[in-house]
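Following: one structure in structure tokens, then a few remarks.
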Amino acid sequence: MNWAVTTYDSAFGYVSAHGAPLVDLLDPQPGERVIDLGCGTGAFSAEIAERGAEVLGIDGSAEMVAQATAMHPGLSFVVGDAHDFIVGDSFDAVASNAALHWMTRDPDAVIGRVHAALRPGGRFVGELGGAGNCAELVVAMQTAWRVFGLGEPELPWYFPSPAEYATKLEDAGFTLRLLEHADRPTRMTEGPNGAADWVRAYAARALADVPPELVDPLLSRVNDLAAPALRRESGWVADYVRLRFAAVRKPDGAAVPPIGAMPSDPPL
């Protein structure tokens with residue numbers, strides 16, 4: 001599965017986008033102000049800061065922000081919801097690595113807040129799970145839940161198609177410069193028990209309503225169902241599909257971003 005548009009202009013230094021680190025696609029410059037949206041424990045923020053940029057990490061989890069602050073004491077991190085965050089000044093770029101697919105409540109609102117945070121010409125660069133991401137894992141979960149007579153599992157992710165996400169970006173006032181949708185099979189490192197440990201790590205919400213005595217046999221069945229597609233002699237592999245993009249905020253007046261938080265809200 002491959003779907004790519006690769007167009008560059010002066011807003012982006014040339015990089016080989018496929019497989020290159022996301023920080024290279026962002027190409028942060030010394031003195032630039034960059035938001036790391038969905039920063040987690042701050043690893044990507046630190047990569048950006050190493051290039052000389054001033055970074056603000058934003059994450060909805062107070063626990064993650066506390067860890068990021070402890071691990072990277074020289075950087076700035078705040079707790080904020082990506083759907084309605086406000087910043088006081090315009091930024092040169094917003095970047096997000098493996099976080100946008102967790103922001104499920106209103107993806108348009110997230111893109112709208114990014115637009116509002118950027119100066120005209122500012123860059124929005126990200127990578128998230130795309131359509132087809134974890135398809136074998138999801139089917140194994142859904143089948144196992146049915147076998148045990150449970151309701152459909154609640155899946156906590158948003159995996160858009162390239163066309164869908166391109167439309168959202170353009171409707172929000174961005175010019176798309178790069179969009180890539182590609183398979184990226186990835187060795188599972190979450191634990192020794194393959195798909196079962198992956199579900200515990202990334203789909204805990206789906207387990208919340210499962211009777212405790214059913215959890216272990218349920219996850220054992222997930223393993224049985226997923227193994228033919230995802231278990232190798234070298235170990236388990238997750239069937240990741242990644243959507244990577246780079247876009248530029250259009251000049252003021254070129255588009256009206258989606259409605260988000262009101263300007264009177266206090267900035268982060």
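Explain nothing, just the number: relative contact order of the chain, from Cα pairs under 8 Å at least 6 residues apart, as a whole percent.
Once divided by the residue count of the chain, the mean separation gives 24 percent.
Please compute the net charge surrounding GLY130, taking Lys and Arg as +1 and Asp and Glu as -1 over other residues with Cβ under 11 Å from its Cβ. Walk me through the intermediate numbers first.
On the way: positive: ARG184, ARG242, ARG244; negative: GLU127, GLU164, GLU180, ASP183.
My count for the surroundings of GLY130 gives -1.
Leaving out ligands, DNA and RNA, what percent of the accessible area of region 93-189 is carbon and sulfur, probe 1.4 Å? Please list the in-between numbers first.
Numbers: 1660 of 3430 Å².
Answer for region 93-189: carbon and sulfur cover 48 percent of the accessible area.
Provide the per residue accessible area, probe 1.4 Å, for region 19-129, rounded to a whole number of square angstrom. The partial results should precede the final answer.
Values: 4020 Å² over 111 residues.
With all protein chains present, region 19-129 gives 36 Å² per residue.
Once the other residues with Cβ under 12 Å from the Cβ of GLY74 are scored (Lys, Arg +1; Asp, Glu -1), what is the net sum? All intermediate terms of the calculation are to be shown ahead of the outcome.
Values: positive: none; negative: GLU50, GLU54.
Local charge sum for GLY74: -2.
Can you work out the Karplus-derived ³J(HN,Hα) for every residue in region 73-86? Use 6.51 cos²θ - 1.76 cosθ + 1.60 with θ = phi - 60°, whole Hz, and x for glycine or proline.
For region 73-86, the Karplus curve yields x, x, 10, 9, 9, 9, 7, x, 8, 4, 6, 8, 5, 10 Hz.
Summing +1 for each Lys or Arg and -1 for each Asp or Glu, what net charge is found among the other residues whose Cβ lies under 15 Å from the Cβ of PRO30?
-4
Does region 65-190 come out rounded, prolate or oblate, given a ≥ b ≥ c as the square roots of the eigenvalues of its C-alpha gyration tensor, rounded meaning a/c under 1.5 and, failing that, prolate meaning a/b above b/c?
Numbers: a/c = 2.05, a/b = 1.51, b/c = 1.35.
Note, shape of region 65-190 comes out prolate.
If amide H atoms are built 1.01 Å from N in the plane of the peptide, which residues on other chains or at least 5 residues away come under 5 Å of the amide H of HIS83?
none
Please list the non-local residues whose amide H lies under 5 Å from the amide H of TYR240, H modeled 1.01 Å from N, same-chain partners needing a gap of 5 or more.
Distant-sequence amide H within range of TYR240: CYS134, ARG184, THR186.
Please compute the Kirkwood hydrodynamic radius over the chain, one decimal place, Å, based on all pairs of different Cα atoms. Show your work: numbers first, answer last.
On the way: mean 1/r = 0.0510 Å⁻¹.
Taking the inverse mean of 1/r over all distinct Cα pairs, the chain comes out at 19.6 Å.
Using only the Cα atoms of region 19-129, build the gyration tensor, take square roots of its eigenvalues as a ≥ b ≥ c, and label the shape rounded, prolate or oblate: rounded if a/c is under 1.5, else prolate if a/b is larger than b/c, else oblate.
On the way: a/c = 1.29, a/b = 1.06, b/c = 1.22.
It is rounded, given that a/c, with a ≥ b ≥ c, falls under 1.5.
Just want to confirm a number: the relative contact order over region 136-255, from Cα pairs under 8 angstrom separated by 6+ residues, in percent.
Details: 145 pairs, mean separation 51.1, N = 120.
Result for region 136-255 is 43 percent.
I need to check one value: relative contact order of region 19-129, counting alpha carbon pairs closer than 8 Å and at least 6 residues apart, in percent.
Details: 221 pairs, mean separation 30.5, N = 111.
Contact order relative to length: 27 percent.
Counting only complete DSSP H runs, which helices of the chain cover 27 Å or more along their long axis at the Cα atoms and score a mean Kyte-Doolittle of -0.5 or above? List each step's numbers first, then the result.
Working: long enough: 212-230 (28 Å, 0.46).
Helices meeting the span and hydropathy rule in the chain are 212-230.
The values are calculated or read from the model by the stated rules, or taken from the named source; none is laboratory data. Every value quoted in this text rests on a predicted model; they were computed, and no experiment measured them. Positions of Cβ are generated from backbone atoms using ideal geometry, with glycine treated the same way; all protein chains shown enter the neighbour counts. Surface areas here come from the heavy atoms of the whole protein model, side chains and all, with no ligands, DNA or RNA. Shrake-Rupley method; radii C 1.70, N 1.55, O 1.52, S 1.80 Å.
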